[in-house]
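Structure record follows, encoded as structure tokens.
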Amino acid sequence: MMQFPLTLDHLVARAEKVFPGVEVVSRRADRSLHRTTYGAVCARARKLAEALARWGLRPGDRVATLMWNHAAHLELYLGAPLAAGVVHTLNLRLHPDDLAYIATHASDRVLVVDEVLLPLWEKFRDRTRIERAVVVPSSGGGEYEGLLSTAEGRWTPPVLSEGDAAGMCYTSGTTGQPKGVVYTHRSNALHALGVALVDSLALSHRDTLLPVVPMFHANAWGLPHAATMMGCKLVFPGPHLDAVSLLDLMQAESVTCAAGVPTVWMAILDALQREPGRWKLAPGLRMVVGGSAAPESMIRAFDKHGLTVVHAWGMTEMSPVGSVSQLGPDAPRLSEDEAYAQRARQGRPTPWVDIRAVSESGEVPWDGRTPGELHVRGPWVASGYYQNDEARERWTEDGWFRTGDVVTLDATGSIKVCDRLKDLIKSGGEGISSVDLENRLMAHPAVKEAAVVSVPHPKWSERPLAAVVLREGARVGPAELRDFLAPHFAAFWLPDAFVYVDAIPRTSAGKFLKSALRERFADWTWG
Ligand code: AMP
């Protein structure tokens, strides 16, 4: 067989030839809709590559982005790698101190920044060595167009190798400095294939895809690459991520697949329940949920609106998708409850992702009961962090990446995430899954959100405390919440305290920030 490199220039060339007319639609900051096509985006990505090279970008140099999801960001995703550069997406939700550290650690040379994000850039620009910042105006035109116009069309693109770096993203861990993950052309290409498979997200040329998940977080789950590979019409939300804006966009563009973290979908569910019938969404719309566990109650609730939740699990270090929960051939024999329970799992690993779960006594059986830390390996799993040896212990000596997630695996390898290793509650030596408790609590009609954390306890060493956000106008006491959980859990799992809070603190990626809750309740006095 031919030695044919898995490089992203192939994706661009194919899109130009096979589906140049497929649309890429973006909501701009000023709320207007910008419509373009893959043909135009790819031509502009080529111009961008040439312009960057003429400016002095060398192979392997980092091109940072500080941008929302829109067509210009896709041009960066494709254009920087065409110049043998590395697109480094900066997470605009991070603190400016972190952004200064990350941009410096990655040696970013150029930055392309949305005009609406200039105030953020101003807060850390003096602390970076970025040589040039190019602004993408909210309404088109401007500096970014100026950069593209320096391309003359007489340029020989560099020959790319599949092992070349193509992208970069820093993980926003809650401890230590952020750590960089470098993606290659090959890993991006294979990951895009893995994501598009029918038993993964089933992306096709007939799909209209709305990535709500930000392009500055973990490659937007590989969706920009996968969409460019498959020819999905793309719809980008820009900075407008509130439920009504998203629902309006999904309706107007007949979106068939949308992807985002549970927080986004909870808000959407709220809006659908508040105004049933207001939106006419495409029948069979798939909503990919990942980044945190999709509560079973949410999957059930969306089904009532004719919308199908597809639950996926992944990590920045895994490009990020590792598993997707799709029903198997036994689906027709499952009871309704069994089917929901399966869909709420994190699912079977995608092809090319090897998994095992390991406890103190070694690899655990795939029995659906025994917990262990999930280890992964595969062609789109990082083999180390960028210029950071401190976290080397995340990789085992026999070549696996320790995910830090405690899971059980069923006989078919379907993953169930019980907890982050550091969030697991150890009461009297026994593990309690905070995720299971949270998911059940969030099934209570009065509960909008719930996070369960471990709090030091004199007798049991740790006990669970539930922080609960109630729906507007709803009331429910701790005793009722305990009774609501009781039939589903061993008695010692039930939280000893329920605390009502206005909001659950979140990470930059919209996940519950449990470390903040643990700190807040560290001195809790048990009654
Ligand atoms: P990040 O690298 O920031 O995307 O975070 C990765 C972590 O998010 C994983 O190790 C999991 O703990 C968590 N995570 C991602 N997807 C899921 C999911 N579907 N269910 C539960 N946890 C998830």
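Values quoted throughout were computed directly from the atomic coordinates according to the rules given, and no laboratory measurement underlies them. For clarity, every value in this text was computed on a predicted model and none was experimentally measured. Cβ placement follows ideal geometry from the backbone for every residue including glycine, while neighbour counts extend to all protein chains displayed.
Brief remarks on what is shown
- Listed by chain and number, the lysines whose C-alpha is less than 25 Å from the C-alpha of Lys233, apart from same-chain residues fewer than 8 away, are Lys17, Lys47, Lys280.
- Eligible lysines near Lys426 by straight Cα distance, threshold 29 Å, same-chain separation 8 or greater: Lys179, Lys416, Lys448, Lys459, Lys511, Lys514
- Diffusion constant of the stretch 74-135 at 4 °C, which comes from Stokes-Einstein with the Kirkwood Cα-pair radius and 1.567 mPa s, µm²/s: 108
- The calculated FRET efficiency for the pair Tyr500 and Thr525, based on their C-beta separation and a Förster distance of 22 Å, comes to about 0.80.
- Potential extension, Arg482-Glu393 segment - 0.36 nm per residue separation minus Cα distance: 28.1 nm
- Rounded to the nearest 20, the Cβ-based charge dipole of the stretch 425-520 about its Cα centre (Lys and Arg +1, Asp and Glu -1) stands at 180 debye.
- Reach of Lys123 by Cα under 15 Å, taken over aspartates and glutamates that are not fewer than 8 positions away in the same chain: Asp97, Asp98, Asp114, Glu115
- Scattering from the stretch 1-50 was approximated by placing one identical point on each alpha carbon and applying the Debye formula without solvent; log10 I(q)/I(0) at 0.18, 0.20, 0.26 1/Å stands at -0.66, -0.76, -0.97.
- If only the Cβ of Lys and Arg carry +1 and only the Cβ of Asp and Glu carry -1, the dipole of the chain around its Cα centre is close to 780 debye.
- Of the chymotrypsin sites (Phe, Trp or Tyr not before Pro) in the stretch 1-91, not one is in a loop by DSSP (not H, G, I, E or B) with at most 16 other beta carbons within 10 Å.
- Diagonalising the gyration tensor over the Cα atoms of the stretch 406-469 and scaling each eigenvalue by 5 before taking the square root yields semi-axes of 21, 19, 8 Å, largest first.
- Its Cα centre serving as origin, the stretch 20-317 has a Cβ charge dipole (Lys and Arg +1, Asp and Glu -1) of approximately 240 debye.
- Projecting the Cα atoms of Leu117, Thr36, Val468 onto the charge dipole of the chain, computed from C-beta unit charges around the Cα centre, puts Thr36 farthest toward the positive end.
- Antiparallel bridges, percent of DSSP beta bridges restricted to the chain (to nearest 5): 60
- Percent of Cα-Cα distances greater than 20 Å, calculated over the stretch 178-250: 35
- Part-to-part distance (alpha-carbon centres) for the stretch 267-308 and the stretch 354-415, which is given in Å: 31
- Ranked packing of 285-297, 126-138, most packed first, by mean Cβ within 10 Å: 285-297, 126-138
- Packing-based order for 9-15, 212-218, 149-155, using average beta carbon neighbours within 10 Å, highest first: 212-218, 9-15, 149-155
- Using the average count of surrounding beta-carbon atoms within 10 Å as a protection proxy, the listed peptides 500-508, 183-191, 408-416, 81-89 rank, highest first, as 81-89, 183-191, 408-416, 500-508.
- Think of the chain as a dipole: +1 on every Lys or Arg Cβ, -1 on every Asp or Glu Cβ, centred on the Cα centre; then among Pro458, Val86, Thr104, Val86 lies furthest on the positive end.
- Ellipticity estimate at 222 nm from DSSP helix runs (n ≥ 4, -39,500 (n - 2.57)) divided over the chain, nearest 500: -8500 deg cm²/dmol
- When all alpha carbon pairs of the stretch 425-520 are counted in 5 Å bins from zero, the resulting P(r) reads 3, 14, 26, 26, 19, 10, 3, 0 %.
- Fraction of the pair-distance distribution of the stretch 20-317 above 25 Å, Cα-Cα pairs, percent: 47
- Viscosity 0.692 mPa s, temperature 37 °C, Stokes-Einstein D of the chain from Kirkwood C-alpha radius, µm²/s: 137
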